[in-house]
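The structure under discussion appears below in the form of structure tokens.
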Amino acid sequence: MGQVASVHLDIDLAASSVQRALNVRLPQDIRVLGVVDATPGFHAQFHSTGKSYRYRIATTAVLSPFDRWFVWHAPGPRNVRAMQRAAEHFVGRHDFASFQPAGSPGRDTVRTIERVSIRDAGGEIVIDVDGNGFLRHMVRIIAGTLADVGSGAREPQTIPDVLSARDRRAAGPTLPAAGLTLVSVRY
């Protein structure tokens, strides 16, 4: 929903004309919602100050075919209150080494999470995560760890131990990509 890209064009077209031209040529399941002239040197990836992601878990016995590409289907009840208690431990500046794929290249794994909210939306659990940056698969692993809490496989108070372990094996599973959406990028 909120992907941002930056390109340098050597043509003299209005931003609205570039948007129309792109949408005519792109497949129908990809749309450019807006085009703006950026300041010289702007880079969509390196100038970001934060992002918001959403992970959706469908808990109904039968998944709507309209949702199948956009949620993880995990039928059955989850303890949302326990998940909310666990989520509180992610907020703040932490080393998220446990929340990246095993064997990831050595790099700075410290990130600041500003907010993790979890709500039951009637047959769907919605997890929203806002932060200054994310490691590869980080939100999907956070969601997997929270899903473990919701199912009773893990206690909420174990999250600080998972963070301090700095070991991928300490965290929950990497949930499927289908449930993940980039909601917005901040500059």
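What is the one condition in (1) within 26 Å of R111 (Cβ to Cβ); (2) at pLDDT 95 or above; (3) not in a strand (DSSP E or B) that Q19 does not satisfy?
Unmet condition: (1).
I'd like the full set of residues that are free of Cβ contacts under 8 Å to residues at least 24 places away in the same chain and either within 17 Å of D120 (Cβ to Cβ) or not assigned by TED's automatic domain parsing to the domain that holds I125 (or both), limited to the range 47-63.
Scanning the range 47-63 gives A61, L63.
Taking D67 as the residue in question, decide whether it is more than 29 Å from R115 (Cα to Cα) and not small (G, A, S).
For D67, the condition - more than 29 Å from R115 (Cα to Cα) and not small (G, A, S) - is not met.
Do any residues in the range 97-126 that are more than 18 Å from K51 (Cα to Cα) and among the hydrophobic types (A, V, I, L, M, F, W, C) have Cβ atoms under 6 Å from those of residues that are modelled with pLDDT of 95 or more and in a strand (DSSP E or B), where the two are at least six apart or on different chains, and which pairs are they?
If the second residue must be modelled with pLDDT of 95 or more and in a strand (DSSP E or B), the pairs left are I125/I57.
Please go through the range 55-75 and pick out each residue that is of a type in the set (A, V, I, L, M, F, W, C) and touching a strand residue (DSSP E or B) at 6+ places or on another chain (Cβ under 8 Å).
The answer is I57, A58, L63, F70, V71, W72, A74.
Within the set of pairs 6 or more residues apart or between chains, which connect a residue that is within 16 Å of D120 (Cα to Cα) inside the range 143-157 to a residue that is assigned to a helix (DSSP H, G or I) with Cβ atoms less than 6 Å apart?
Here the result reads L146/M83; L146/A86; V149/A82; V149/M83; V149/A86; V149/P156; G150/M83, each pair linking the range 143-157 to a residue that is assigned to a helix (DSSP H, G or I).
So which residues in the range 141-187 are assigned to a helix (DSSP H, G or I) and polar (S, T, N, Q)?
T145, S151, Q157, T158, S164
Is it the case that some residue within the range 116-125 is in contact with a Lys or Arg (Cβ under 7 Å, 6 or more places away or on another chain), over 26 Å from T59 (Cα atoms) and part of a strand (DSSP E or B)?
No - not one qualifying residue is present in the range 116-125.
Just to be sure I understand, how many residues within the range 102-114 are of a type outside the set (A, V, I, L, M) and in contact with a helix residue (DSSP H, G or I) (Cβ under 9 Å, 6 or more places away or on another chain)?
4
Mind checking which residues of the range 71-100 are exposed (fewer than 14 other Cβ atoms within 10 Å of the Cβ) and either modelled with pLDDT under 95 or within 17 Å of D148 (Cβ to Cβ) (or both)?
P75, G76, P77, R81, E88
The values are calculated or read from the model by the stated rules, or taken from the named source; none is laboratory data. From a predicted model like this one, the values you see are computed outputs, not experimental measurements. So basically every Cβ, Gly included, is an ideal-geometry build from the backbone, and we count neighbours across all protein chains shown.
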